[in-house]
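Please read the structure below before turning to the comments.
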Amino acid sequence: MRLKTFKIGGVHPPENKITAHKAIESFPVPTLARVMLHQNLGVASVATVGKGDEVKVGQVIARQEGFISSSIHSPVSGIVTKIEECVDASGYRKPAIFIETKGDEWLEGIDTTSALVTEIKASKEEIIKKVTEMGIVGLGGATFPSQVKLMVPEGNKAEYIIINGVECEPYLTSDHRLMLERPHEIMIGVQLLMKASGASKALIGIEANKPDAIDLLTKVAQEYTNIEVYGLKVKYPQGGEKQLIKALTGREVPSGKLPISVGCIVNNVGTAFAVYEAVQKNKPLVERVVTITGKGLKEPGNFMVRIGTSIADLLAHCGYNAEHEAKIVSGGPMMGKAVTTPDIPMVKGTSGILVIEEGVERVAIEPCIRCGRCTRVCPMGLEPYLLAMASSKKMYDITEANAVMDCIECGSCHYICPAGRPLLDYVRLGKSETGKIMRSRKSVQ
Amino acid sequence: MDLIIVYAMVAMAGLGITAAVVLYFVAQKFKVIEDPRIDQVAEFLAGANCGGCGYAGCRNFAEAVVQKGSLEGMNCPPGGAEVMAKVAAVLGLEAQASDPQIAVVRCNGGKAHSPQKVNYDGAQSCASSAALFAGEGGCKNGCLGHGDCVTACSFDAIHIDETTGLPVVHDECVACGACVKACPRNIIELRKRGPKDRRIFVSCVNTEKGAISKKNCEVACIGCGKCVKICPFEAITLQNNIAYIDDAKCRLCRKCVAECPTGAIHELNFPVKAKAAEATEAVEN
């Protein structure tokens, strides 16, 4: 089998998938759930419950506000103790709903059994409505509200549903385990996505370092029509939306455009599973698979965790010893963000928690020698050294002219830089400032 | 003389004269009439092109001030009253008295007062790290200490103090406001220099509730409002859990400085004598 891949750039960080063989464990329901009100890309949700209210699992506790937004459901049953600001991963305080757990009572009408519901009864509109109501967001990490992707804008046509099973981030294995343990659910989820968007074909991309998942999904896919599974060459960032489209279809998303402009809608396998549960089981997004990993941990593993569970609890379960660890990263080592304290709640976008042991340090920062390695590895064909330099000097006309907005923040440039320069930090800064300037110019016009 | 040389000379002279005539008329036609006062004004300005006046550079400011014909809202911070008086003389206007200003750093949460809780080893830029996290001390409004203000200053007037990790403004400051714009946390403010450089200000911009601010920093303003009550000139206001002293109303009586329970209100350049005398008095009593 010839393996597909994207054409430009990319790096090969060590895989370190130490939890790949660990089956998904159900993590106990937390005694206190802290549900952040801003869990999706776009506008934050608005709380619909107040102090003292009794809630059941799956009950809406915050509603969607605006088009690019999502609703939030209670991950536990119990009593709302307060709505207050809570420290998030960055150390800033953001509003959250605090729920004290009492038992585990689910809202009526939610199917919590593991029985497979294969028959698709819902119509196209019903699927989109269900996805909206159940608070489904992209679980690959970007947390983009899923219903928005499925509403194909006029003048565009969805040809392919692309399912991202790449999991190119080192260490993380949550998608891998989900594919091995819930293949049928994922396939039904894919069919639902196809029906909702009107796409006639679905392509599932999985990196070659997960041969068991490729074999299993290829076998399962034969039972369903129009779903094809492809093995992909191991290369970071293969799981980037634009890179995956290029690898699977050979199409290139034009600068500044969305995947739908080339007839593709990309969803993560985790999202496909969540869509299955929402539509077929009437179950809102109240839990997700999280990889807790790190070489220093005694018991790393994959867990099905309720949203709002404290990361400190998860780490304690895995044998975390604060004395020997240096850094806790939310997400993978390439795109994840270091957290300021372990006592923060899980959100919909938490795909993994990586603990980096003491002694692992950054390369010392030295001057740029213009070796051009960052340019060679950039999967978007940009010049990171130039963008970083211009951003640090606030030359935002240069960053705009050099397409800083196309940066997908994969961090390949930062990873490869022999001088250890924090290229991505500066490019990200330039991207946000340039974006502000471009938006303000647009609003003036 | 060879005839060919004569021909060449005549031809060249003819060409020269024709070109001169054409150029003369073109120059007359496209003449740019510039107010001679612009040059005169520009001559007096500091020439630093710092942008403190709000214009792109000194020349740009000179053009603007001549065109406007009044001095309202026009000020050259590095030049100060002296330069503005000269500019006023050129334009035949009365110079407006403006109080000299200086940049003030409103954060005292240095290494000693706001102990480091996490270690940041990313890009050493305040703008970049402010987008990533709350800060090593945990205060969401506090100084990040990477020195974006230092880089922005073209007068070498602000430096990071190694022991506290906080920026310190020196006398060279001309109040151009470059550091004010560079700080992502809006900590730096331009305030009145004050008589004999004496100033009183609240050295904190944290808007969180008192308990949370205090947890992160022992010298934070906790919004208790004691200073508001004690101020005899109604110069202090309390908004969003933070006190602010209006430098136009403040008469430098220093009552608030003594009243503040966390020591968030700072006084600068007051004689130490008075304090020492007070202390000895207290000991004697």
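The values are calculated or read from the model by the stated rules, or taken from the named source; none is laboratory data. Everything quoted here is computed from the prediction, not taken from an experiment. Reconstructed Cβ throughout: ideal geometry from the backbone, glycine too, with neighbour counts over all protein chains shown.
Which condition number in (1) assigned to a loop (DSSP other than H, G, I, E, B); (2) surrounded by fewer than 23 Cβ atoms within 10 Å (Cβ to Cβ) is the one that A:Gly308 fails?
For A:Gly308, the failing item is (2).
Only one residue in A:Ser90, A:Ser69, A:Ser114, A:Ser77 is away from chain B (no Cβ under 14 Å) and touching a Lys or Arg at 6+ places or on another chain (Cβ under 8 Å), so which one is that?
Details: A:Ser90 fails: away from chain B (no Cβ under 14 Å); A:Ser69 fails: touching a Lys or Arg at 6+ places or on another chain (Cβ under 8 Å); A:Ser114 fails: touching a Lys or Arg at 6+ places or on another chain (Cβ under 8 Å).
A:Ser77 is the lone residue from the list that is away from chain B (no Cβ under 14 Å) and touching a Lys or Arg at 6+ places or on another chain (Cβ under 8 Å).
Which one is surrounded by the most Cβ atoms within 10 Å (Cβ to Cβ), of the residues in segment A:330-358 that are away from chain B (no Cβ under 14 Å) and more than 18 Å from the chain's Cα centre (by Cα)?
A:Val355
Please enumerate the residues belonging to segment B:125-139 that are touching an Asp or Glu at 6+ places or on another chain (Cβ under 7 Å) and within 7 Å of chain A (Cβ to nearest Cβ). So that I can check it myself, show each step before the final result.
At the first step, the residues of segment B:125-139 found to be touching an Asp or Glu at 6+ places or on another chain (Cβ under 7 Å) are B:125-128.
Answer for segment B:125-139, where residues must be touching an Asp or Glu at 6+ places or on another chain (Cβ under 7 Å) and within 7 Å of chain A (Cβ to nearest Cβ): B:Ser125, B:Ala127, B:Ser128.
If a residue has to be under 21 Å from the mean Cα position of the chain (by Cα) and either assigned by TED's automatic domain parsing to the domain that holds A:Leu180 or assigned to a loop (DSSP other than H, G, I, E, B) (or both) to count, how many in segment A:29-48 make the cut?
9
Residues of segment B:184-199 being in contact with a Cys (Cβ under 8 Å, 6 or more places away or on another chain) and of a type in the set (Asp, Glu), which ones? Please lay out each step first, then the result.
Within segment B:184-199, the first condition is being in contact with a Cys (Cβ under 8 Å, 6 or more places away or on another chain), and the residues that meet it are B:184-185, B:187-188.
Listed by number, the list is empty, since nothing qualifies.
Checking the structure you have, find out if any residue of segment A:54-62 is exposed (fewer than 15 other Cβ atoms within 10 Å of the Cβ), at pLDDT 90 or above and not in a loop (DSSP other than H, G, I, E, B). So that I can check it myself, show each step before the final result.
The first filter runs over segment A:54-62 and keeps only residues exposed (fewer than 15 other Cβ atoms within 10 Å of the Cβ), leaving A:54.
Subsequent filtering for residues that are at pLDDT 90 or above retains A:54.
With the extra rule that they be not in a loop (DSSP other than H, G, I, E, B), the set shrinks to A:54.
For segment A:54-62, residues exposed (fewer than 15 other Cβ atoms within 10 Å of the Cβ), at pLDDT 90 or above and not in a loop (DSSP other than H, G, I, E, B): present.
Quick test for you: out of A:Gly135, A:Gly91, pick the one residue that is in contact with a His (Cβ under 7 Å, 6 or more places away or on another chain) and buried (at least 16 other Cβ atoms within 10 Å of the Cβ). Walk me through it before giving the result.
Numbers: A:Gly91 fails: in contact with a His (Cβ under 7 Å, 6 or more places away or on another chain).
It is A:Gly135.
With respect to A:Val290, is the statement that it is of a type in the set (Val, Ile, Thr), surrounded by 22 or more Cβ atoms within 10 Å (Cβ to Cβ) and assigned to a helix (DSSP H, G or I) true? Walk me through how you get there before you give the answer.
Values: of a type in the set (Val, Ile, Thr): yes; surrounded by 22 or more Cβ atoms within 10 Å (Cβ to Cβ): yes; assigned to a helix (DSSP H, G or I): no.
No; evaluated as a whole, the condition is false for this residue.
Quick one: would you say A:Gly189 is at pLDDT 95 or above and either touching a helix residue (DSSP H, G or I) at 6+ places or on another chain (Cβ under 8 Å) or not acidic (Asp, Glu) (or both)? Even if it seems obvious, please write down each step before you answer.
Values: at pLDDT 95 or above: yes; either touching a helix residue (DSSP H, G or I) at 6+ places or on another chain (Cβ under 8 Å) or not acidic (Asp, Glu) (or both): yes.
Yes; evaluated as a whole, the condition is true for this residue.
Which ranges mark the helices (runs of 4 or more DSSP H) fully within segment A:114-183 that have 2 or more residues being closer than 21 Å to A:His38 by Cα? Can you show your working first?
Numbers: elements: A:124-133, A:146-150, A:174-181.
By residue number, A:124-133, A:146-150.
Filter segment A:8-28 down to the residues that are outside any strand (DSSP E or B) and out of contact with any Gly (no Cβ under 9 Å at 6 or more places or on another chain) and list them by number.
Kept after step one, since they are outside any strand (DSSP E or B), are these residues of segment A:8-28: A:8-10, A:12-23, A:27-28.
If the condition is that a residue be outside any strand (DSSP E or B) and out of contact with any Gly (no Cβ under 9 Å at 6 or more places or on another chain), then A:Gly10, A:His12, A:Pro13, A:Pro14, A:Glu15, A:Asn16, A:Lys17, A:Ala20, A:His21, A:Phe27, A:Pro28 are the ones that fit.
Restricting attention to segment B:156-191, which residues are surrounded by fewer than 20 Cβ atoms within 10 Å (Cβ to Cβ), in contact with a Pro (Cβ under 8 Å, 6 or more places away or on another chain) and touching a residue at least 24 places away in the same chain (Cβ under 8 Å)?
Of everything in segment B:156-191, just one residue is surrounded by fewer than 20 Cβ atoms within 10 Å (Cβ to Cβ), in contact with a Pro (Cβ under 8 Å, 6 or more places away or on another chain) and touching a residue at least 24 places away in the same chain (Cβ under 8 Å), namely B:Asp161.
Please enumerate the residues belonging to segment B:258-277 that are within 24 Å of the chain's Cα centre (by Cα) and under 30 Å from B:Gly138 (Cα atoms). Give the steps one after another, and end with the answer.
Kept after step one, since they are within 24 Å of the chain's Cα centre (by Cα), are these residues of segment B:258-277: B:264-270.
Result: B:Ala264, B:Ile265, B:His266, B:Glu267, B:Leu268.
Kindly indicate the residue of segment B:107-123 that is in contact with a helix residue (DSSP H, G or I) (Cβ under 9 Å, 6 or more places away or on another chain) and facing chain A (nearest Cβ under 9 Å) and also nearest to A:Lys327 (Cα to Cα) among those meeting that condition.
The residue in question is B:Tyr120.
I'd like the residue in segment B:213-256 that is over 24 Å from the mean Cα position of the chain (by Cα) and of a type in the set (Val, Ile, Thr) and, out of all such residues, is farthest from B:Pro271 (Cα to Cα).
Restricting to residues being over 24 Å from the mean Cα position of the chain (by Cα) and of a type in the set (Val, Ile, Thr), the top hit is B:Ile222.
Given the criteria within 12 Å of chain B (Cβ to nearest Cβ), loosely packed, with under 15 Cβ neighbours inside 10 Å, closer than 26 Å to B:Lys181 by Cα and more than 29 Å from the chain's Cα centre (by Cα), does A:Lys442 qualify?
On the way: within 12 Å of chain B (Cβ to nearest Cβ): no; loosely packed, with under 15 Cβ neighbours inside 10 Å: yes; closer than 26 Å to B:Lys181 by Cα: yes; more than 29 Å from the chain's Cα centre (by Cα): yes.
So A:Lys442 does not fit the description; no.
Mind checking whether some residue in segment A:290-303 is under 20 Å from the mean Cα position of the chain (by Cα) and closer than 21 Å to A:Ile188 by Cβ?
no
When residues of segment A:368-401 are filtered for being in a loop (DSSP other than H, G, I, E, B) and within 27 Å of the chain's Cα centre (by Cα), how many remain? Give the derivation first.
Of the residues in segment A:368-401, the ones in a loop (DSSP other than H, G, I, E, B) are A:368-372, A:378-383, A:393-395.
Of the ones still in play, those that are also within 27 Å of the chain's Cα centre (by Cα) are A:378-383.
Number satisfying all stated conditions: 6.
Which residues, taken from segment A:168-189, are more than 27 Å from A:Gly336 (Cβ to Cβ) and among the β-branched types (Val, Ile, Thr)?
Residue satisfying the conditions is A:Ile188 alone.
Assess whether A:Ala122 counts as being closer than 13 Å to A:Gln280 by Cα, surrounded by fewer than 24 Cβ atoms within 10 Å (Cβ to Cβ) and more than 12 Å from the chain's Cα centre (by Cα).
Details: closer than 13 Å to A:Gln280 by Cα: yes; surrounded by fewer than 24 Cβ atoms within 10 Å (Cβ to Cβ): yes; more than 12 Å from the chain's Cα centre (by Cα): yes.
Judged against the criteria, A:Ala122 is a match.
Tell me which of these A:Val427 doesn't satisfy, since it passes every other one: (1) part of a helix (DSSP H, G or I); (2) within 14 Å of chain B (Cβ to nearest Cβ); (3) surrounded by fewer than 22 Cβ atoms within 10 Å (Cβ to Cβ).
Of the numbered conditions (1) part of a helix (DSSP H, G or I); (2) within 14 Å of chain B (Cβ to nearest Cβ); (3) surrounded by fewer than 22 Cβ atoms within 10 Å (Cβ to Cβ), the odd one out for A:Val427 is (3).
Going residue by residue through segment A:79-89, is there one that turns out to be outside the structural domain of A:Ile188 (by TED's automatic domain parsing) and in a loop (DSSP other than H, G, I, E, B)?
Applying the first criterion (outside the structural domain of A:Ile188 (by TED's automatic domain parsing)) to segment A:79-89 yields A:79-89.
Filter again for in a loop (DSSP other than H, G, I, E, B), leaving A:88-89.
Yes: segment A:79-89 contains one or more residues that are outside the structural domain of A:Ile188 (by TED's automatic domain parsing) and in a loop (DSSP other than H, G, I, E, B).
Looking at (1) in contact (Cβ under 8 Å) with a residue 24 or more places away in the chain; (2) surrounded by fewer than 16 Cβ atoms within 10 Å (Cβ to Cβ); (3) within 27 Å of A:Val329 (Cβ to Cβ), which is the only condition A:Cys86 fails?
Answer for A:Cys86: the failing condition is (2).
Of B:Val41, B:Val21, B:Val90, B:Val6, which residue is within 26 Å of the chain's Cα centre (by Cα) and in a helix (DSSP H, G or I)? Give the derivation first.
Details: B:Val21 fails: within 26 Å of the chain's Cα centre (by Cα); B:Val90 fails: within 26 Å of the chain's Cα centre (by Cα); B:Val6 fails: within 26 Å of the chain's Cα centre (by Cα).
After ruling out the rest, the residue left standing is B:Val41.
Quick check, is A:Gly66 crowded, with 18+ Cβ neighbours inside 10 Å and farther than 19 Å from A:Thr31 by Cα?
Numbers: crowded, with 18+ Cβ neighbours inside 10 Å: no; farther than 19 Å from A:Thr31 by Cα: yes.
In short, no.
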